[in-house]
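Peer 1: Just dropping this structure here.
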Amino acid sequence: VTAEKGGFDHFMLKEIHEQPKAYRDTMLGRIDEKTHKVVFPNLNMTPEYIRSIRQIHIVACGTAYHAGLVGGSVIEQLIRVPVSFEVASEYRYRNPIITPDTLVIVVSQSGETADTLAGLREAQANGAHVLAITNVVGSSIARDANDVIATLAGPEIAVASTKAYTSQIIAFNLLGLYMADIRGTMEASEIAHVIAAMQSLPEQVESLLAQSESIKAYAEHISKHEHLFFIGRGLDYAVAMEGSLKLKEISYIHSEAYAAGELKHGTLALIEEGIPVIALATQDALLEKTVSNIKEVKARGAEVMAITYEEHVADLMRSVDQVFAIPKTLPLLMPALSVVPLQLLAYYASLALGHDVDKPRNLAKSVTVE
Ligand code: AGP
């Protein structure tokens with residue numbers, strides 16, 4: 001069994017460590033080294049169709065939905081088409097406005113999630129083109145979709161999704177660059193710049209994984225608490241949601257993810273002496289605002305751990321209790337790095353509490369009931 005886990009104690013830890021490879025595999029064959037552009041030779045979407053898209057719906061559940069939040073925000077920035085984010089179990093019951101110029105992107109690691117499959121069918125019944133981002137090429141969702149981008153992260157066994165999430169983010173970035181090129185919303189030099197940054201991610205994740213011990217120590221501390229908060233703005237908020245889900249799912253510690261600016265509209269009342277708050281602060285344009293939200297919780301006694309990149313460590317140290325530094329990349333790629341310490345945090349907290357990391361209570365790897 002340990003051999004199956006590649007020498008790791010759990011599948012989850014193995015899969016966290018497989019992320020550098022998963023990033024590389026998801027990019028493999030999709031970057032033209034001569035033109036520095038993204039290529040998707042097998043997509044059925046024509047350039048004419050891509051130019052005609054007027055709105056995008058992203059439909060998924062759980063962690064795949066969180067990857068959609070990151071990926072959809074990136075696509076919206078790169079191609080300037082409105083994107084809406086839909087929890088699959090809600091999507092088809094709210095009579096969504098789906099037109100032939102709506103691209104529906106369904107995201108699913110397993111490709112078998114019943115709600116996501118039902119969303120796909122609803123979209124197709126209304127004439128939309130459905131593109132699936134999935135890790136299982138022979139799955140129901142892959143079979144039924146009009147187009148498939150395989151994430152190629154390799155089998156994911158642990159119930160808590162890790163490498164599937166990050167490879168979905170890579171796939172979304174590739175798709176965004178591909179469509180931006182066709183729609184003419186980015187210069188070739190800008191596309192090449194993002195691609196170069198993406199190609200550095202695997203190595204950057206490796207350097208993050210080498211710092212696991214400091215996250216482990218923090219996780220042991222966290223495991224003694226009953227409640228905690230994750231805060232962030234923009235893409236940091238999307239990553240906060242994923243960090244919170246991961247922690248709840250396997251450590252059973254209650255946590256909430258909040259858009260940092262929204263705390264003062266109610267949730268701040270829950271902040272009391274000693275409560276841990278994990279603040280994601282990787283988005284340059286929003287940093288100052290996030291810091292003022294950090295000060296709000298600090299003033300109410302919270303104990304804050306910030307995740308940021310090296311350049312801001314010294315600055316942030318003045319307002320928080322501790323900082324975990326991640327390598328620097330472009331703001332839109334930050335989630336591919338900032339989520340890694342949160343995955344490790346959930347893992348080590350679960351371990352410290354003696355839970356079954358790979359098979360948390362009440363949950364299944366793939367949810368085939370609606
Ligand atoms: C992730 O850690 C969860 N186990 C869960 O939210 C999962 O992402 C969700 O059920 C969707 O699964 P899918 O990607 O296989 O569709």
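The values are calculated or read from the model by the stated rules, or taken from the named source; none is laboratory data. For clarity, every value in this text was computed on a predicted model and none was experimentally measured. Note: ideal-geometry Cβ built from the backbone for every residue, glycine included; neighbour counts use all protein chains shown.
Peer 1: Scan region 82-98 residue by residue and report those that are farther than 18 Å from Val148 by Cβ and either part of a helix (DSSP H, G or I) or near the ligand (Cβ under 9 Å from one of its atoms) (or both). Steps first, please.
Peer 2: At the first step, the residues of region 82-98 found to be farther than 18 Å from Val148 by Cβ are 82-87, 89-98.
The answer is Ser89, Glu90, Tyr91, Arg92, Tyr93, Arg94.
Peer 1: Give just the number: which of (1) part of a loop (DSSP other than H, G, I, E, B); (2) free of Cβ contacts under 8 Å to residues at least 40 places away in the same chain does Leu263 not satisfy?
Peer 2: Here Leu263 clears every test but (1).
Peer 1: Right, another one. Residues that are in contact (Cβ under 8 Å) with a residue 24 or more places away in the chain and within 16 Å of the ligand (Cβ to nearest atom), at least 1 per element: which helices (runs of 4 or more DSSP H) completely within region 283-369 meet that? Don't jump to the end; show me each part of the working.
Peer 2: Working: elements: 287-299, 310-317, 335-352.
By residue number, 335-352.
Peer 1: Continuing with this model, one more query. Quick check, is Ala240 away from the ligand (no atom under 16 Å from the Cβ) and either crowded, with 20+ Cβ neighbours inside 10 Å or assigned to a loop (DSSP other than H, G, I, E, B) (or both)? Steps first, answer last, please.
Peer 2: Numbers: away from the ligand (no atom under 16 Å from the Cβ): no; either crowded, with 20+ Cβ neighbours inside 10 Å or assigned to a loop (DSSP other than H, G, I, E, B) (or both): yes.
It is false that Ala240 is away from the ligand (no atom under 16 Å from the Cβ) and either crowded, with 20+ Cβ neighbours inside 10 Å or assigned to a loop (DSSP other than H, G, I, E, B) (or both).
Peer 1: Determine which member of the set Ile75, Ile79 is under 16 Å from the mean Cα position of the chain (by Cα) and more than 16 Å from the ligand (Cβ to nearest atom). So that I can check it myself, show each step before the final result.
Peer 2: Working: Ile79 fails: under 16 Å from the mean Cα position of the chain (by Cα).
Of the residues listed, the single one that is under 16 Å from the mean Cα position of the chain (by Cα) and more than 16 Å from the ligand (Cβ to nearest atom) is Ile75.
Peer 1: A further question on this structure: Do we have any residue at all in region 156-166 that's buried (at least 24 other Cβ atoms within 10 Å of the Cβ), in contact with a Gly (Cβ under 8 Å, 6 or more places away or on another chain), touching a residue at least 12 places away in the same chain (Cβ under 8 Å) and more than 14 Å from Leu43 (Cβ to Cβ)?
Peer 2: yes
Peer 1: Which count do you get for residues in region 1-36 that are among the basic types (Lys, Arg), more than 30 Å from Ser350 (Cβ to Cβ) and surrounded by fewer than 18 Cβ atoms within 10 Å (Cβ to Cβ)? Spell out the reasoning first.
Peer 2: Residues of region 1-36 that are among the basic types (Lys, Arg), as a first pass: 5, 14, 21, 24, 30, 34.
Checking the rest, the ones that are also more than 30 Å from Ser350 (Cβ to Cβ) come to 30, 34.
In the following step, the residues that additionally are surrounded by fewer than 18 Cβ atoms within 10 Å (Cβ to Cβ) were identified as 34.
The total comes to 1.
Peer 1: Scan (1) buried (at least 23 other Cβ atoms within 10 Å of the Cβ); (2) polar (S, T, N, Q); (3) more than 21 Å from the chain's Cα centre (by Cα) for the single condition Ser338 breaks and write down its number.
Peer 2: Just one mismatch for Ser338, condition (3).
Peer 1: State whether the residues of region 187-201 include one that is closer than 24 Å to Tyr348 by Cβ and not polar (S, T, N, Q). Outline the logic, then answer.
Peer 2: Keep residues of region 187-201 that are closer than 24 Å to Tyr348 by Cβ, which gives 201.
Narrowing the set further to residues that are not polar (S, T, N, Q) leaves 201.
Yes, region 187-201 contains a residue that is closer than 24 Å to Tyr348 by Cβ and not polar (S, T, N, Q).
A quick yes/no check of all residues on (1) acidic (Asp, Glu); (2) within 22 Å of Ala158 (Cβ to Cβ); (3) part of a loop (DSSP other than H, G, I, E, B); (4) under 20 Å from the mean Cα position of the chain (by Cα):
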site: Pro100; (1), (2), (3), (4): no, no, yes, no
site: Val104; (1), (2), (3), (4): no, no, no, yes
site: Leu120; (1), (2), (3), (4): no, no, no, no
site: Ala123; (1), (2), (3), (4): no, no, no, no
site: Val130; (1), (2), (3), (4): no, no, no, no
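Peer 1: I'd like to know if region 184-206 contains one or more residues that are without any contact (Cβ under 8 Å) to a residue 60 or more places away in the chain, of a type in the set (D, E, K, R) and more than 21 Å from Val74 (Cβ to Cβ).
Peer 2: no
Peer 1: Another question about this same structure. Just a yes or no: is a residue in region 159-168 more than 28 Å from His10 (Cβ to Cβ), hydrophobic (A, V, I, L, M, F, W, C) and either under 15 Å from the mean Cα position of the chain (by Cα) or modelled with pLDDT under 95 (or both)?
Peer 2: Pass one, region 159-168, residues more than 28 Å from His10 (Cβ to Cβ): none.
Among the residues of region 159-168, not one is more than 28 Å from His10 (Cβ to Cβ), hydrophobic (A, V, I, L, M, F, W, C) and either under 15 Å from the mean Cα position of the chain (by Cα) or modelled with pLDDT under 95 (or both), which makes the answer no.
Peer 1: Being among the aliphatic types (A, V, I, L, M), over 24 Å from Thr308 (Cβ atoms) and more than 16 Å from the ligand (Cβ to nearest atom) is the requirement here; does Ala259 meet it? It would help to see each step written out before you state the result.
Peer 2: Working: among the aliphatic types (A, V, I, L, M): yes; over 24 Å from Thr308 (Cβ atoms): no; more than 16 Å from the ligand (Cβ to nearest atom): yes.
No.
Peer 1: Quick one: would you say Leu120 is surrounded by fewer than 24 Cβ atoms within 10 Å (Cβ to Cβ) and over 22 Å from Glu249 (Cβ atoms)? Steps first, answer last, please.
Peer 2: Numbers: surrounded by fewer than 24 Cβ atoms within 10 Å (Cβ to Cβ): no; over 22 Å from Glu249 (Cβ atoms): yes.
No.
Peer 1: Given the conditions (1) farther than 25 Å from Arg361 by Cβ; (2) in a loop (DSSP other than H, G, I, E, B); (3) not basic (Lys, Arg), report the number of the one that Ala158 does not fulfil.
Peer 2: (1)
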